[in-house]
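Everything on this sheet refers to the single structure shown next.
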Ligand code: ATP
Ligand code: MG
């Protein structure tokens, strides 16, 4: 299925707006991608990827925090960055967070629920679309997940000369 990347992301983020607001988290959405840029994907699975990432941002970011979603184009790829001001993930945990059933902090995990599958599924689905998912995190500052998925026709989508 071919979908407009910017539209898909806008809709997904929109669906989280009320939950962010209820928890006292501010959310900004910056859409820098050309409106005609498309990706050919399984829309349910790609939606699941971003629902899992935004769900984590919502779950792990305390009230008063903020989440920034950026949608852009990088070379031939759609680039989506989801950055939060949550607790961050320690370096020794960071290497394992995409493993099935892995949860970084057992005490926090108990009170926040979850099974530890969200990121494993996200990684599997992104990679099934020839994409990549990366994380960078600083304890006490926050976490940023970056997803790259090939655009259908990068030259067309951007309107830029290459
Ligand atoms: P679920 O299966 O419901 O998604 P989960 O959220 O625990 O459960 P994952 O989404 O796979 O599982 O995340 C794995 C672990 O990575 C989490 O338990 C948490 O410790 C850590 N983590 C993930 N996202 C964040 C984030 N944005 N900020 C801080 N820690 C995070
Ligand atoms: Mg999760």
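The values are calculated or read from the model by the stated rules, or taken from the named source; none is laboratory data. Quick caveat, the model's predicted, so the values are computed rather than measured. Positions of Cβ are generated from backbone atoms using ideal geometry, with glycine treated the same way; all protein chains shown enter the neighbour counts.
For this structure, a couple of remarks:
- Residue list for the range 117-140, restricted to those being touching a strand residue (DSSP E or B) at 6+ places or on another chain (Cβ under 6 Å) and more than 16 Å from ligand 2 (Cβ to nearest atom): 129, 130, 131, 132, 134, 136
- Considering residues of the range 37-50 that are surrounded by fewer than 16 Cβ atoms within 10 Å (Cβ to Cβ) and touching a residue at least 12 places away in the same chain (Cβ under 8 Å) only, the residue farthest from ligand 1 (Cβ to nearest atom): 40
- Here 57, 10, 63 are screened, and the one residue that is at pLDDT 95 or above and buried (at least 21 other Cβ atoms within 10 Å of the Cβ) is 57.
- Residues (touching a strand residue (DSSP E or B) at 6+ places or on another chain (Cβ under 8 Å) and within 16 Å of ligand 2 (Cβ to nearest atom)) located in the range 26-55: 49, 50, 53, 54
Table: residues versus (1) more than 22 Å from residue 44 (Cα to Cα); (2) at pLDDT 95 or above.
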position: 93; (1), (2): yes, no
position: 96; (1), (2): yes, no
position: 99; (1), (2): no, no
position: 104; (1), (2): yes, no
position: 109; (1), (2): yes, no
position: 114; (1), (2): no, no
position: 117; (1), (2): no, no
position: 121; (1), (2): no, yes
position: 127; (1), (2): no, yes
